[in-house]
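S.K.: Here it is, the structure, as structure tokens.
The values are calculated or read from the model by the stated rules, or taken from the named source; none is laboratory data. For clarity, every value in this text was computed on a predicted model and none was experimentally measured. Using ideal geometry, Cβ is built from the backbone for each residue, glycine included, and neighbour counts are taken over all protein chains shown. Accessible surface is based on the protein model in full, side chains and every heavy atom, while ligands, DNA and RNA are left aside. Shrake-Rupley method; radii C 1.70, N 1.55, O 1.52, S 1.80 Å.
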Amino acid sequence: MRPVNQADARCGRAPRTIEAPPNTPRRLVVPAAPETLAHAADLAAFVEASPSSFHAAAEVAARLESAGFTRLDEAAAWPAPAGGRFLVVRDGAVLAWVVPPSATASTGVRIFGAHSDSPAFKLKPKPTTGKLGWLQAGVEIYGGPLLNSWLDRELRLAGRLVLDDGSTALAATGPLLRLPQLAIHLDRDVNSGLALDKQSQTQPVWGLGASDSADILGELAREAGVDAARIRGYDIVTADAARGATFGLDDVFFASGRLDDLASVHAGVVALERAADGFDADHIAMLAVFDHEEVGSGTRSGAAGPFLSDVLERLWLSLGADREQQLRALAASWCVSSDVGHSVHPNYADKHDPVVQPMLGSGPILKINANQRYATDAAGAAAWNTWCAEAGVHSQEFVSNNGVPCGSTIGPITATRLGIRTVDVGIPILSMHSARELAGVSDLWDLARVAEVFFRG
């Protein structure tokens, strides 16, 4: 596996078509072009800088502030927004928006929504544990990770420390922990089925010695440059320590931790930066990155909380809107909810719909579900296909096998809370909820291209 920033001359090769059995759609596989490799390299750097939702929100804010966005304080008065670029951070969530000079009290908004959290392990209270001479970390499971994928990998710890004066410090270690698997010699039936006990067999090791001789919070405090004695609270999770990389024939694959959903967050940031220059649309362009999607979104920084509605109300009030004008603005608005979906898996074909089979490298996906686990309807599908056509991007549909339960996203939550027209999209991946997921390099860049068209209108 080659580091993602080492592109080579193979980028110019001609496209090939994968041969497939009769009645199977032929798929065009295009070798990674320079712009797609550059985008993947930037995504690798973005993920490395974003090992927790709090780091992701900070990285989004830092990138946009460098692009001329003004950071606002929720507890302070906000300036008149017309013709401005703004952002606000709430814990592990961030909203950023660009207001055209011509904005009025009833100007609609185009929201590109994603989430900053990923399945992981989270530190418990009294997190320094151990036995038999091993130092271990006391953790509980966050979301729905593929537990076996976290075995035998070097892991980081990352998140926020809240200090005795109420201030917050972000902390992230380098490779520190590992969940070592039991050798096959001691479990001869392991290849017939591995089932981990979620309490006793998921506590990672991070050193040698007695548990009263070390302090894992002290390691985090050192990385953050603060005194461990000042820590009064913490939200700390694990993350894969390996950097994202491209690989495969013609560099068509990209592997990384936290692609669900930092691939969408990154695409939205890139698109908003590009769209902000000379922005003069008939709507407000907004990036909405929420936390806690993997555990239901029901928090102050989740999509089911008040963050988005609070910011929209303040935005329209600053434009002089009354309630009737705010409702008119909502009626003129769109939300694209972007999250990953399943690519067809060559080893598990029976788990997918037999006809609708999205594939890595064949474009972003439009996510559809009859029971509204995704918010896409006919109007949303038509709009999405139009934006893709304008961007010159091929799109695919995704629908679940009828015998396999369908997940959900922030899309239905946003549509329900705001009554806003919403469409669910994303990129196809394999190994969803693994410690290290697999995407198509070209899909990552194509999603950003469509997001830019969506923002520009």
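S.K.: Just to be sure I understand, how many residues within the stretch 126-140 are over 10 Å from Val205 (Cβ atoms), of a type in the set (A, V, I, L, M, F, W, C) and crowded, with 17+ Cβ neighbours inside 10 Å?
M.R.: Within the stretch 126-140, residues that are over 10 Å from Val205 (Cβ atoms), of a type in the set (A, V, I, L, M, F, W, C) and crowded, with 17+ Cβ neighbours inside 10 Å number 1.
S.K.: In addition: In this structure, does Glu397 turn out to be more than 26 Å from Pro100 (Cα to Cα), within 21 Å of the chain's Cα centre (by Cα) and open to solvent by 50 Å² or more (accessible area, probe 1.4 Å)? Break it down stepwise before answering.
M.R.: Values: more than 26 Å from Pro100 (Cα to Cα): yes; within 21 Å of the chain's Cα centre (by Cα): yes; open to solvent by 50 Å² or more (accessible area, probe 1.4 Å): yes.
Here the answer is yes, as Glu397 does meet what is asked.
S.K.: Can you tell me which residue among Leu123, Leu72, Leu37, Leu64 is within 18 Å of the chain's Cα centre (by Cα) and buried (at least 18 other Cβ atoms within 10 Å of the Cβ)?
M.R.: Values: Leu123 fails: within 18 Å of the chain's Cα centre (by Cα); Leu72 fails: within 18 Å of the chain's Cα centre (by Cα); Leu37 fails: within 18 Å of the chain's Cα centre (by Cα).
None of the others qualify; the one that does is Leu64.
S.K.: Then there's this: Looking at Ser408, Ser442, Ser343, can you tell me which residue is surrounded by 24 or more Cβ atoms within 10 Å (Cβ to Cβ) and farther than 29 Å from Phe279 by Cβ? Full working, then the answer.
M.R.: Values: Ser408 fails: surrounded by 24 or more Cβ atoms within 10 Å (Cβ to Cβ); Ser442 fails: farther than 29 Å from Phe279 by Cβ.
Criteria check complete, one pass: Ser343.
S.K.: Take the residues of the stretch 346-370 that are out of contact with any His (no Cβ under 8 Å at 6 or more places or on another chain) and charged (D, E, K, R): which is surrounded by the fewest Cβ atoms within 10 Å (Cβ to Cβ)? Step through it out loud before you land on a result.
M.R.: Quick first cut of the stretch 346-370, residues out of contact with any His (no Cβ under 8 Å at 6 or more places or on another chain) only: 346-350, 353-357, 359-361, 364-370.
Filter again for charged (D, E, K, R), leaving 350, 353, 367.
Details: Asp350: 9, Asp353: 16, Lys367: 31.
Looking at the filtered set, the residue picked out is Asp350.
S.K.: So which strands (runs of 3 or more DSSP E) stay within the stretch 80-180 end to end and still have 1 or more residues that are closer than 20 Å to Val269 by Cβ and not assigned by the TED database to the domain that holds Gln199?
M.R.: 85-90, 93-98, 109-115
S.K.: Could you tell me which of the residues Arg178, Arg153, Arg160 is closer than 27 Å to Leu308 by Cβ, touching a strand residue (DSSP E or B) at 6+ places or on another chain (Cβ under 9 Å), open to solvent by 10 Å² or more (accessible area, probe 1.4 Å) and among the basic types (Lys, Arg)?
M.R.: On the way: Arg178 fails: closer than 27 Å to Leu308 by Cβ; Arg153 fails: closer than 27 Å to Leu308 by Cβ.
On inspection, the qualifying residue turns out to be Arg160.
S.K.: Looking for something under 15 Å from Asp117 (Cα atoms) and part of a helix (DSSP H, G or I) - is there at least one such residue anywhere in the stretch 281-290?
M.R.: Taking every residue of the stretch 281-290 in turn, none turns out to be under 15 Å from Asp117 (Cα atoms) and part of a helix (DSSP H, G or I).
S.K.: Let me ask something else. Any idea how many residues of the stretch 216-240 are open to solvent by 70 Å² or more (accessible area, probe 1.4 Å) and touching a strand residue (DSSP E or B) at 6+ places or on another chain (Cβ under 6 Å)?
M.R.: Residues in the stretch 216-240 being open to solvent by 70 Å² or more (accessible area, probe 1.4 Å) and touching a strand residue (DSSP E or B) at 6+ places or on another chain (Cβ under 6 Å): 3 in total.
S.K.: Looking for something on the phi > 0 side of the Ramachandran plot and of a type outside the set (S, T, N, Q) - is there at least one such residue anywhere in the stretch 173-181? Step through it out loud before you land on a result.
M.R.: Step one: filter the stretch 173-181 for residues on the phi > 0 side of the Ramachandran plot, giving none.
No, every residue in the stretch 173-181 fails to be on the phi > 0 side of the Ramachandran plot and of a type outside the set (S, T, N, Q).
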